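Notes follow once the structure below has been shown.
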Amino acid sequence: MSKPSSVVLGLDIGGTTAKMGIVSPEGEILRRAEEPMPHHLAAQTLVENVKQPATELLHWARQEGYDVLGCGVSVCGFITPDGERPEYVNVHALDGFPLRQELQGAMDLPVILDNDMNCAVLGEYHYGAGKGVSRLLVVTVGTGIGVGVILNDQLLRLSSGTTGNPGHVIVDPHGPVCVAGCRGCVESLASAGPISRRAEALARSQRPTQLRRLLEDKGHLTPEDVFVAAEAGDLPAQEIWREVGEWLGRGLATWVQIFAPSVVLVGGGVAHAQDWLIRPMEREMRRVGEPYFTRQVREVKSASLKKELGVLGAASLFFVPRHAPPGTTISSPHE
Ligand SMILES: [Zn+2]
């Protein structure tokens, strides 16, 4: 097979690490790197830290004879309408920082910033479990809960260049206040933090169970622990997944009634719980949702690309410019 002549540097700036890779038009990561993102550092230092491994990747790509079209960047936050700065971002040093221009200057390469959920759904739509699905909804369940949508083969940008913040749709008006300040949203009940806290509370209140033993061993619990305990037959752990699936299913019913997807993919740090999470979620969506819309959902299943979603989706902004933020001008040979 001959080498693709054009590649893109995909960069995924997450809450703890920046993942990056040289991506082929077929969505293959030809070479990858990772850099920690310590929150106490200034924005300029973070850019410098990313620049080093990125420059090595670019050097490698050019040595191999590839033409690098640009660098697509996934950021967990909204991007200002001019495409220059992340806002409301999980790495606080980057909030309002002219990231696009700084990265472009550091790498001497065209740079496009986009929201992480946009990149996640693009990654699945072009290269993953949602390949070719014209009405696709991706939910990620991790530290936060995010939703990205492809509608009629087009990335949906409704507000702030995204679908807004559907992870904060209210499902229990008496529920807890979430980190963003709303009460009883899906994220306040079904993201990683609430899952861990619920597990720790149950482990302390019940007779000895596997969750209690894990808590005594480690001093805290994670969604991964709840998954392991559920797999081992621990009833409180299984109960937690049933509850989490129900909260997510109620959120999903609302999202489905607005966006009318035919396929729903569930990804993110908590998604490895798979059937413990996805089956109750689908059941609840079908139980409470409007049948006209829920019937159109053919499948609710795991997303495929996991940790590489952001890198691939960000890179695709250069390969398929019609999905790039409005106002972006790119000349690409691939569309
Ligand atoms: Zn909220």
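The values are calculated or read from the model by the stated rules, or taken from the named source; none is laboratory data. Not measured: the values here are computed from a predicted model. Neighbour counts run over all protein chains shown; Cβ positions are idealised from the backbone, glycine included.
Between A230, A253, A237, the distinction of being in contact (Cβ under 8 Å) with a residue 40 or more places away in the chain, over 20 Å from T163 (Cβ atoms) and part of a helix (DSSP H, G or I) belongs to A230 only. In summary, A203 fulfils each of the numbered conditions (1) assigned to a strand (DSSP E or B); (2) among the hydrophobic types (A, V, I, L, M, F, W, C); (3) at pLDDT below 95 with the single exception of condition (1). Scanning for something assigned by TED's automatic domain parsing to the domain that holds F259, in contact with a strand residue (DSSP E or B) (Cβ under 7 Å, 6 or more places away or on another chain), within 8 Å of the ligand (Cβ to nearest atom) and under 22 Å from G269 (Cα atoms), does region 140-147 turn up at least one residue? No: region 140-147 contains no residue that is assigned by TED's automatic domain parsing to the domain that holds F259, in contact with a strand residue (DSSP E or B) (Cβ under 7 Å, 6 or more places away or on another chain), within 8 Å of the ligand (Cβ to nearest atom) and under 22 Å from G269 (Cα atoms).
Scan V179, V133, V138, V186 and give me the residue that is at pLDDT below 90 and under 26 Å from K307 (Cβ atoms). Please lay out each step first, then the result.
On the way: V133 fails: at pLDDT below 90; V138 fails: at pLDDT below 90; V186 fails: at pLDDT below 90.
Being at pLDDT below 90 and under 26 Å from K307 (Cβ atoms) holds for just one of V179, V133, V138, V186, which is V179.
Restricting region 159-184 to residues that are near the ligand (Cβ under 9 Å from one of its atoms) and touching a residue at least 40 places away in the same chain (Cβ under 8 Å) leaves a set whose member that is farthest from N118 (Cα to Cα) is V169.
Within region 155-182, track down each residue that is closer than 30 Å to K131 by Cα and of a type in the set (V, I, T). Steps first, answer last, please.
Kept after step one, since they are closer than 30 Å to K131 by Cα, are these residues of region 155-182: 155-169.
Once the filter is applied, which keeps residues that are closer than 30 Å to K131 by Cα and of a type in the set (V, I, T), region 155-182 yields T162, T163, V169.
For A253, are the conditions met, namely being more than 15 Å from the ligand (Cβ to nearest atom), under 20 Å from R283 (Cβ atoms) and under 21 Å from the mean Cα position of the chain (by Cα)? Considered against the rule, which asks whether it is more than 15 Å from the ligand (Cβ to nearest atom), under 20 Å from R283 (Cβ atoms) and under 21 Å from the mean Cα position of the chain (by Cα), A253 comes out as yes.
Looking only at region 113-158, which residues are basic (K, R) and without any contact (Cβ under 8 Å) to a residue 40 or more places away in the chain?
K131
Evaluated against (1) at positive phi; (2) within 13 Å of the ligand (Cβ to nearest atom), N152 falls short on exactly one condition, (2).
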